[in-house]
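The values are calculated or read from the model by the stated rules, or taken from the named source; none is laboratory data. Keep in mind the model is a prediction, meaning the values are calculated, not measured. Virtual Cβ from ideal backbone geometry, glycine too; neighbours counted across all protein chains shown.
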Amino acid sequence: MVILALETATRAGSLALVDGNQRQIKTGDVTRTHSERLPQELLRFAGDHGYTLRGIDVLTVVTGPGSFTGLRIGLAAIQGLAMVTNRKVIPVPTMEALAHAWRDANPRTPARLVTCLDGARGDVFYGVFETSDDPEVAPTATVAPKVDTPDAAVSDLAALGAGQPLLVIGDGLRRHAAAFAGGLSAATRDDRPWNLALGAALVATRRVSQAVAPHALRPVYVRRPDAVLARERARAREASPGTGAARALAFDRLTKPDDLAAVAELQRRSFAHAWGAEAIRWELDHSQVARLYTVRAPDRALVGYCACWIVFDELHINSLAVDPAWRRQGVARRLMDHVLRDAAAAGARSATLEVRQSNEGARALYEGLGFRVEGVRRDYYQDPREDALILWHRDVGRRFAAAT
């Protein structure tokens, strides 16, 4: 059985191939982002060791905790490969992958193992596993993954060291060595790098029956995403005192297929060829990249919506409409601003969309937000037939992240 594993929870990321007793591993290049390297690096890695994508039996991916952007890119890359090859995927949590990587090098060492990764923003991700002297027994999680400051993590872990001494591993230990040395002086500390993709592949050998369809993959977060915090800040700003009914509008992202009939009806009234509620529902249920934002009046009536994707670090605006009764009141601009800020908080660096060449109002809206025309799609629109202008905003990450 040939297993190909990907990990993007850390900045460098890692790859692994396991074929029986044969193992190949690789650590990523920290000078290049995951979106720059994937999926090409994954395919090249397999090819360099004599495997085609069709020759891979099992795909596995590390699901978190870790970098929000990195996890999203890793899951999207594996989902794409799984769909192309009609494969299922084995998801492996980050801490479990780290514990199994260490266990592979220490098969007969009993330990109370603390897995610790740098969580950025001054935090660490950590968990605790028990290992035995039987190499056939997998590490058992005794403390679920958490995120906290190094000092708080050390205080939490110190209470566990009263019995069996702790063994702390991972790059969080290396990054915050002083905190761990001072607060866990009795613990054994091992800050060597471990290939998390190899750990995930080793977990996968035990869990072939637990593979899932690619659309069922979900990231494991233990910290509230930046996007959630950005939305809360946006709501607070939008709830500030103002004049006019437009000030009281509520902007939100749907995480469930609520009110799709109202969205579909507004689509039908706004466009010659609308997607319809079922198409939108399918995207929300089966795609990790699809997002749907709504604007509601104080009485909760739908005023506008924006359907989009975030693919790697690019935001794709697919459809935007505002109820005719609410147009020319700045609703579309506020909705776009909300979407762009939310996307920037989720890791988007650029954004793109198409607009009818004759739609001067929409062009003025988008260009006012920083979009610029970079191409043309001939005869893209029908009824009436017309070219589409391709607009890009190449600085979403800096401009709108700063606004949050």
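Data overview
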{"item": "Residue selected from the range 38-61 under the condition in a loop (DSSP other than H, G, I, E, B) and not aliphatic (A, V, I, L, M), by the criterion nearest to the chain's Cα centre (by Cα)", "result": "39"}
{"item": "Residue satisfying all of: in the range 86-113; in contact with a helix residue (DSSP H, G or I) (Cβ under 6 Å, 6 or more places away or on another chain) and of a type in the set (Val, Ile, Thr); surrounded by the most Cβ atoms within 10 Å (Cβ to Cβ) among these", "result": "92"}
{"item": "Cβ-Cβ under 6 Å pairs, at least 6 apart or on other chains, the range 208-230 side farther than 19 Å from residue 148 by Cα and of a type in the set (A, V, I, L, M), far side at pLDDT below 60 and in a loop (DSSP other than H, G, I, E, B)", "result": "230/404"}
{"item": "Hits in the range 24-37 (condition: at pLDDT below 95 and either within 24 Å of residue 211 (Cα to Cα) or in a helix (DSSP H, G or I) (or both))", "result": "34, 35, 36, 37"}
{"item": "Residue that is outside the structural domain of residue 173 (by TED's automatic domain parsing), assigned to a loop (DSSP other than H, G, I, E, B) and within 19 Å of the chain's Cα centre (by Cα), where the choices are 64, 80, 70", "result": "64"}
{"item": "Given (1) within 25 Å of residue 251 (Cα to Cα); (2) out of contact with any Asp or Glu (no Cβ under 7 Å at 6 or more places or on another chain); (3) in contact (Cβ under 8 Å) with a residue 60 or more places away in the chain; (4) not β-branched (Val, Ile, Thr), number of the condition residue 345 does not satisfy", "result": "(2)"}
{"item": "Residue among 13, 66, 70, 47 that is surrounded by 24 or more Cβ atoms within 10 Å (Cβ to Cβ), over 14 Å from residue 203 (Cβ atoms) and modelled with pLDDT of 95 or more", "result": "13"}
{"item": "Verdict on residue 28 being surrounded by 15 or more Cβ atoms within 10 Å (Cβ to Cβ) and touching a residue at least 60 places away in the same chain (Cβ under 8 Å)", "result": "no"}
{"item": "All positions within the range 182-191 that are in contact with a helix residue (DSSP H, G or I) (Cβ under 9 Å, 6 or more places away or on another chain) and exposed (fewer than 14 other Cβ atoms within 10 Å of the Cβ)", "result": "182, 186"}
{"item": "Set 300, 334, 385, 363: member being of a type in the set (D, E, K, R) and buried (at least 18 other Cβ atoms within 10 Å of the Cβ)", "result": "334"}
{"item": "Test: residue in the range 246-266 that is surrounded by 14 or more Cβ atoms within 10 Å (Cβ to Cβ), of a type in the set (A, V, I, L, M) and at pLDDT below 60", "result": "yes"}
{"item": "Residue check for residue 321: aliphatic (A, V, I, L, M), within 19 Å of residue 267 (Cβ to Cβ) and either surrounded by fewer than 17 Cβ atoms within 10 Å (Cβ to Cβ) or more than 20 Å from the chain's Cα centre (by Cα) (or both)", "result": "yes"}
{"item": "Condition check for residue 78: in contact with a strand residue (DSSP E or B) (Cβ under 8 Å, 6 or more places away or on another chain), in contact (Cβ under 8 Å) with a residue 60 or more places away in the chain and of a type in the set (A, V, I, L, M)", "result": "yes"}
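To keep it simple, each residue is scored yes or no on (1) assigned by TED's automatic domain parsing to the domain that holds residue 172; (2) in contact with a helix residue (DSSP H, G or I) (Cβ under 8 Å, 6 or more places away or on another chain); (3) in contact (Cβ under 8 Å) with a residue 24 or more places away in the chain; (4) buried (at least 23 other Cβ atoms within 10 Å of the Cβ).
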site	(1), (2), (3), (4)
124	yes, yes, yes, yes
129	yes, yes, yes, yes
143	yes, yes, no, no
148	yes, yes, yes, no
151	yes, yes, yes, no
155	yes, yes, yes, no
